[in-house]
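A short worksheet on the structure shown next.
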Amino acid sequence: MRAVTFQEPGRVEIEERPDPEPLAPDDAVVRIDASGICGSDLHIYHGRVPVDPGFTLGHEYVGEVVAAGDAVTGVAVGDRVLGTFHTACGTCFFCRRGDHVKCDEARVFGHGATLGSLQGTQAELALVPRANLTLRRVPEGLSDGAALFAGDVMGTGYHAVVEAGLGPGDSCAVIGLGPVGLCAAMVARAAGAAHVIAIDTVEERLEVARGLGAQPVHATEEDPRAAVRAVTEGRGVDVAVEAVGHPAALDTACRLTRKLGTVSVIGVYAERAEVHMGIVWIKNLNLVGGQANVMGHLDSVLAMLSAGRLDVTPLLSREMPLDEAPDAYAAYDRREALKIVLRP
C-alpha cells in the first residue's frame, strides 16, 4: 500500500508499505477513503514533535472496514466508519471515568514512539487497534468531511467549549482560527453564546468566522481588547479559547478573560511556555487544557453534525490525491487552505 511518511523537517514522501493485518482480536483494518491533514501534523512536519523517518503520518480518517478480529463487535467488515485520533482500552481507571484520552494504554495515530508507535492513517489502509472504541459507524447521510471532523477537529473544538463550562448568554473569544478554532467558534454559537469574538491575522479565516456568526477581529491591525470590552461592558469574556499553541496567544487569552473566567487551552504545546501567573492569580482565572476527550464527546458531536447544528462545509478547502501529499503539506504550511483532505 501507499502511505505518507515523514522524512525530515519540511519533507514528507509517498512510500510503499506492507498491507496491515489484524494482530489482536480487537484489531480492525480500514481501507481509507479520506484522511485529513491536521494542524498537529504540521508540528511533526516542522520538527517540533520527534518522529522517526519513514513513519506514516495522519490521524483523521474515514473508510470501510475490510478485516476485523474475532473480538470486534462494534463494527463489521463492510461498514463505513470513522475513527478517533487515538485508541483506548475501555477498562483502565481513566476509561472507566469516561476520560478515554488519558487511557493508560492510549496510542495516537501517526505521532511516533512518544505517543504509542501507531502508524498513521494518511495511507490506503490503516490498522486500527481497540476497534470497538476507536471506530464508529458513520451515520446515514453524513459526508466524508463531516465524519473526518467528528473524529478529531470538531471533537476538539467541542471539548474546548464544553470543558470551559460556557453556557447560554456567555461571551467567548477564540484566539487562532485554524480548523479547531473555527470549530470552537461554531460550537460556542451553537451552545448559545451571546458574543463570539474570533481573532486571527489571516483575512480569509476572519471572513470564514464572520460567516459562522462570530465577530472577526484582526489580531494586529485591530485592538482585540477593545473589541472584547465593547461587548462585555468592560469585563472581559467569560471564556477564552486558545487554539494556537503559542505563548503569545496564551497571554492574549488570559488578558481577554474576565475575573473568575476560564481560559481553555486547546492549542498543541510541544515545549515549555511561560505563563504570566500574576494575571492568572489576580484575576482568579480557571485554566483548562490538554488533549481533547474526543472519544467521550463523539456521540454528541455526531448528533449535532447529523442534525445540521454544526456544519463543517465552510472549512473544507481542498481535496487532493494521496500521491500529492508533499504538495498538500507545503500548501497547508503556507496557510493556503483551512483543511486539505487526501484521497487514495
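With (1) modelled with pLDDT of 95 or more; (2) under 29 Å from S306 (Cβ atoms); (3) open to solvent by 30 Å² or more (accessible area, probe 1.4 Å) as the list, and A209 as the residue in question, which single condition is left unmet?
(3)
Report every pair of residues separated by at least 6 positions or lying on different chains whose Cβ atoms are under 6 Å apart, first residue within the range 247-259 and more than 12 Å from G236 (Cβ to Cβ) and touching a residue at least 40 places away in the same chain (Cβ under 8 Å), second of a type in the set (G, A, S) and not in a helix (DSSP H, G or I).
A249/G176
When the range 307-328 is examined, which residues are found to be touching a helix residue (DSSP H, G or I) at 6+ places or on another chain (Cβ under 6 Å) and either hydroxyl-bearing (S, T, Y) or not in a loop (DSSP other than H, G, I, E, B) (or both)?
P314, L315, M320
If you go through the range 321-341 one residue at a time, how many are more than 26 Å from D200 (Cα to Cα) and either hydrophobic (A, V, I, L, M, F, W, C) or buried (at least 18 other Cβ atoms within 10 Å of the Cβ) (or both)?
Qualifying residue count for the region: 2.
If a residue must be open to solvent by 10 Å² or more (accessible area, probe 1.4 Å) and closer than 12 Å to L127 by Cβ, how many such residues does the range 1-26 contain?
Here the count works out to 10.
Would you check if V49 is more than 22 Å from A150 (Cβ to Cβ), β-branched (V, I, T), out of contact with any Cys (no Cβ under 7 Å at 6 or more places or on another chain) and part of a loop (DSSP other than H, G, I, E, B)?
For V49, the condition - more than 22 Å from A150 (Cβ to Cβ), β-branched (V, I, T), out of contact with any Cys (no Cβ under 7 Å at 6 or more places or on another chain) and part of a loop (DSSP other than H, G, I, E, B) - is met.
When you look at V288, is it in contact (Cβ under 8 Å) with a residue 12 or more places away in the chain, in contact with a helix residue (DSSP H, G or I) (Cβ under 8 Å, 6 or more places away or on another chain), assigned to a loop (DSSP other than H, G, I, E, B) and under 28 Å from P224 (Cβ atoms), yes or no?
Taking the combined requirement at face value, the residue does not satisfy it.
The values are calculated or read from the model by the stated rules, or taken from the named source; none is laboratory data. Worth saying up front: this structure is predicted, and the values here are computed from it rather than measured. Don't worry about glycine lacking a Cβ; one is built from the backbone with ideal geometry, like all the others, and counts go over all protein chains shown. Quick note on the areas: whole protein, heavy atoms, side chains included, nothing else; ligands and nucleic acids left out. Shrake-Rupley method; radii C 1.70, N 1.55, O 1.52, S 1.80 Å.
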